[in-house]
Amino acid sequence: MSVLLFTVIVLCGAFLAGLVGSLTGLGGGVIIIPLLTLVLGVDIHYAIGASIVSVIATSSGSAAAYVKEGITNIRIGMFLEIATTVSAIFGAVVTVYINTGYIAVLFGIILIFSAVMMVRKKTDHTEGIAGSHLAGLLRLNGSYPTANGIKYYGVHNVVGGFIIMFFAGIISGLLGIGSGALKVLAMDNVMRLPFKVSTTTSNFMMGVTAAASAVVYLHRGQIDPGIAMPVTIGVLCGATIGSKILVRTNTDKLKIIFAVVVVFLALQMVYNGLSGRL
């Protein structure tokens, strides 16, 4: 395969990944890594390195808009980033010592979990403003704008959310994905934040988490500009268009279809990992 053809395929695939990932909230990494490893035969470590760079780009772009709208809770994001950045560096360091087959299997399991989280019914925690004592001390309680005015919310179980963020960071560093499903799980189910705040704050955190692990991959020479460049451009363009479509589109059916595709890709990753093909 020529370099030009490889670049065009990666660019188109990354654009599709960014578009669909933006519409469903999973991000582009869940498609990019299977595309590079299963279809194009790229070493999984280089695929992870390229995916991490794209996560930084897309997170930085969309996070700025959410912060401007006042939905993102910056204090919570910066507090939880203490856990995710430290553990992401750890995950990026140990990935070189783990068999690539095991990484592929773990990636498949996380994809299945992400697909389930994507289609499950969301519970919006907006009742009351009283949070935990620790949340009050750290001033994590906040508010966000809605069509009916400002809504206030309280934060609960700060320690539990912080612990889950350690695991989210490790997964992010190991697999090169934003691990948004785990982050939203921590903030939505454990800390009981409103769903909009959970998703936007998770997006805000992804870029910082990815940047921490990207330093390790860059130091090891596993971020190839020839792969990372078309992946980043494609995902960024796709995510930008996807965010505009999202405003006027009902994505419930799309999420179900995408969940089926993600599960299929996950099973392929697990199979190839167990059979030693990666």
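The values are calculated or read from the model by the stated rules, or taken from the named source; none is laboratory data. What you see is a predicted model, and the numbers here were worked out from it, not measured in a lab. A quick note on method: Cβ atoms are made from the backbone with ideal geometry, for glycine too, and the neighbour counts reach across all protein chains shown.
Among the residues in the stretch 12-27, are any surrounded by fewer than 20 Cβ atoms within 10 Å (Cβ to Cβ) and at pLDDT 90 or above?
yes
Per-residue answers, yes or no, for (1) in contact (Cβ under 8 Å) with a residue 40 or more places away in the chain; (2) more than 26 Å from Asn157 (Cα to Cα):
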| residue | (1), (2) |
| --- | --- |
| Ala65 | yes, yes |
| Lys68 | no, yes |
| Ile71 | yes, no |
| Glu81 | yes, no |
| Val93 | yes, yes |
| Asn99 | no, yes |
| Val105 | yes, yes |
| Phe113 | yes, no |
| Val116 | yes, no |
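Would you please name the residue that is farthest from the chain's Cα centre (by Cα), looking only at residues in the stretch 38-67 that are over 21 Å from Ala239 (Cβ atoms) and not aliphatic (A, V, I, L, M)?
Gly41
If you check Ser213, Ser179, which single one turns out to be touching a residue at least 40 places away in the same chain (Cβ under 8 Å), at positive phi and among the polar types (S, T, N, Q)? Write out each step before concluding.
On the way: Ser213 fails: at positive phi.
Just a single option satisfies the conditions, and that option is Ser179.
Across the stretch 132-154, which residue is modelled with the highest pLDDT among those that are surrounded by 15 or more Cβ atoms within 10 Å (Cβ to Cβ), part of a loop (DSSP other than H, G, I, E, B) and among the polar types (S, T, N, Q)?
Asn141
Across the stretch 29-56, what is the number of residues that are over 20 Å from Leu218 (Cα atoms) and either crowded, with 24+ Cβ neighbours inside 10 Å or hydrophobic (A, V, I, L, M, F, W, C) (or both)?
Of the residues in the stretch 29-56, the ones over 20 Å from Leu218 (Cα atoms) are 30-31, 34-35, 38-41.
Okay, now just the ones that are also either crowded, with 24+ Cβ neighbours inside 10 Å or hydrophobic (A, V, I, L, M, F, W, C) (or both), so 30-31, 34-35, 38-40.
Final tally of qualifying residues: 7.
With the requirement that a residue be of a type in the set (S, T, N, Q) and surrounded by 22 or more Cβ atoms within 10 Å (Cβ to Cβ), what does the stretch 228-243 give you?
To start, the set of residues in the stretch 228-243 that are of a type in the set (S, T, N, Q) comprises 232, 240, 243.
Hit for the stretch 228-243 is Thr232, nothing else.
Closer than 29 Å to Asn73 by Cα, at pLDDT 85 or above and within 16 Å of the chain's Cα centre (by Cα): which single residue out of Leu236, Leu193 fits that description?
Leu236
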